[in-house]
1. Among the residues in the range 309-322, are any buried (at least 17 other Cβ atoms within 10 Å of the Cβ), of a type in the set (Ser, Thr, Tyr) and touching a residue at least 12 places away in the same chain (Cβ under 8 Å)?
2. Please determine, by comparing only the residues of the range 231-246 that are in a helix (DSSP H, G or I) and touching a residue at least 12 places away in the same chain (Cβ under 8 Å), which one is surrounded by the fewest Cβ atoms within 10 Å (Cβ to Cβ).
3. Quick one: which of ASP255, ASP228 is surrounded by fewer than 21 Cβ atoms within 10 Å (Cβ to Cβ) and either touching a residue at least 60 places away in the same chain (Cβ under 8 Å) or in contact with a strand residue (DSSP E or B) (Cβ under 9 Å, 6 or more places away or on another chain) (or both)?
4. Any idea which residue in the range 269-316 is nearest to ASP203 (Cα to Cα), counting only those that are assigned to a loop (DSSP other than H, G, I, E, B) and among the hydroxyl-bearing types (Ser, Thr, Tyr)?
5. Only one residue in LEU359, LEU336 is at pLDDT 95 or above and over 22 Å from CYS80 (Cα atoms), so which one is that?
6. Within the range 286-300, is even one residue surrounded by 21 or more Cβ atoms within 10 Å (Cβ to Cβ) and under 15 Å from the mean Cα position of the chain (by Cα)?
7. Which one of these does ILE27 not meet: (1) over 24 Å from ARG261 (Cα atoms); (2) at pLDDT 95 or above?
8. Identify, from the list SER369, SER277, SER386, the residue that is at pLDDT 95 or above, closer than 30 Å to LEU40 by Cα and not β-branched (Val, Ile, Thr).
Amino acid sequence: MTVSNIPGPLINDRYKSDPVGRFLDFILKKREQELPFVGLYCGYAPVELIRAMGAVPVSLCASSQRTIPAAEAVLPANLCPLIKSSFGFIRTNTCLLFELSEAVIGETTCDGKKKMFELISHLKPTHVMDLPQLPDEEDVRERWTEMVSKLKIFLETTFQANIAADRLEAEIRETNKKCGLIDGFFDYMTLHPPPLNCQELYDVIGLDAVTNSGELQALMAGISRTLDERIAAGICFGTPASPRVLVSGCPIGGDSGKVIRIIEEAGGVIVALEACSGMKGYSIRIEEGTGDPLRAVAEATLKIPCSCMTPNGGRLAMLDKMIRRFRPDVVIDVVLHACHAYNVESYKIMKHAQYRHGLPCLKIETDYSDGDVEQIRTRVEALFDSL
């Protein structure tokens, strides 16, 4: 929704403002260079180790309703749709990135995922990282550093490669540069109203996976010019009266993106995405120049405040920072069916937002189907009407 004329594309013609086309272009170029691919499912798997040996980390397909029926022939129907979709893509041979990957890295963030890894481990070399889930224990950093060290050994053995400390240090600097660029870009979402919508926000976040820091910096310069031109021309999304929404909870993408669409169609403006597929990971930095880059990577990834952690004070602290920065009017917590950790933690998230920040909250439990679209629409519209 704009208050002025419809804006032009945010990302320049070289990338066609098309995330799929941009990503396929990236994949083809890496294939031409004969670089190996490593498939990932979660942000706890350190991409710096993969890049340090000259390989390409890729996030595997996990967000389509289309592949779930094939998965349910093996998996229980009441399992998380993200897990079923992931397994369905593999079972139907329709995930190009899984087919390209020469190895897969998993992690024990939930019971469903770790059991799914057992069902696919015979297809590709698969390494499962045992994620410690009590972040306040004294030895947690040592145990997770050991897991990252085991991942290093797995990658070096599988690919007959050497992950040198200086290369890993270079990739740490690369990650920090990209995170700084994208996190700085989020300042545009603090404007009231912002000059871009949520899909454009996701498009920019997606640049992280397909650029190096130099390319990203050049693209960001062009994006910033476009947004500054929009601001000067009075082009924005929503109005000063539009509800500013912070969306928290499970990863949202693909078919679960229906929630984003409904919020915007109901007149809301999404200014912050708390999920791990959104903004919060870009505020984390890896310590540089420690002399032990492996440990530095391990300690940084352990700071990700996923609901699998208990107690998960880091998530509440991250929520505080995002609310202060983006000044939402409401919090909408999105939980995928059968994601028990996020579902239980939703109570704490909503109470924290209500009592600490005085924000109205709405919890939405959903899956990848369209069967609940009108129900969600009714609840979101009622929330906005109550403001």
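1. No: the range 309-322 contains no residue that is buried (at least 17 other Cβ atoms within 10 Å of the Cβ), of a type in the set (Ser, Thr, Tyr) and touching a residue at least 12 places away in the same chain (Cβ under 8 Å).
2. My answer is ALA233.
3. ASP255
4. So, considering only residues that are assigned to a loop (DSSP other than H, G, I, E, B) and among the hydroxyl-bearing types (Ser, Thr, Tyr), the one nearest to ASP203 (Cα to Cα) is SER277.
5. Exactly one of LEU359, LEU336 is at pLDDT 95 or above and over 22 Å from CYS80 (Cα atoms), namely LEU359.
6. no
7. Checking ILE27 against (1) over 24 Å from ARG261 (Cα atoms); (2) at pLDDT 95 or above, the one that fails is (2).
8. After ruling out the rest, the residue left standing is SER369.
The values are calculated or read from the model by the stated rules, or taken from the named source; none is laboratory data. Predicted model, so just to flag it, every value in this text is computed and none were measured. All Cβ positions, even for glycine, are placed from backbone atoms using ideal geometry, and neighbour counts span all protein chains on display.
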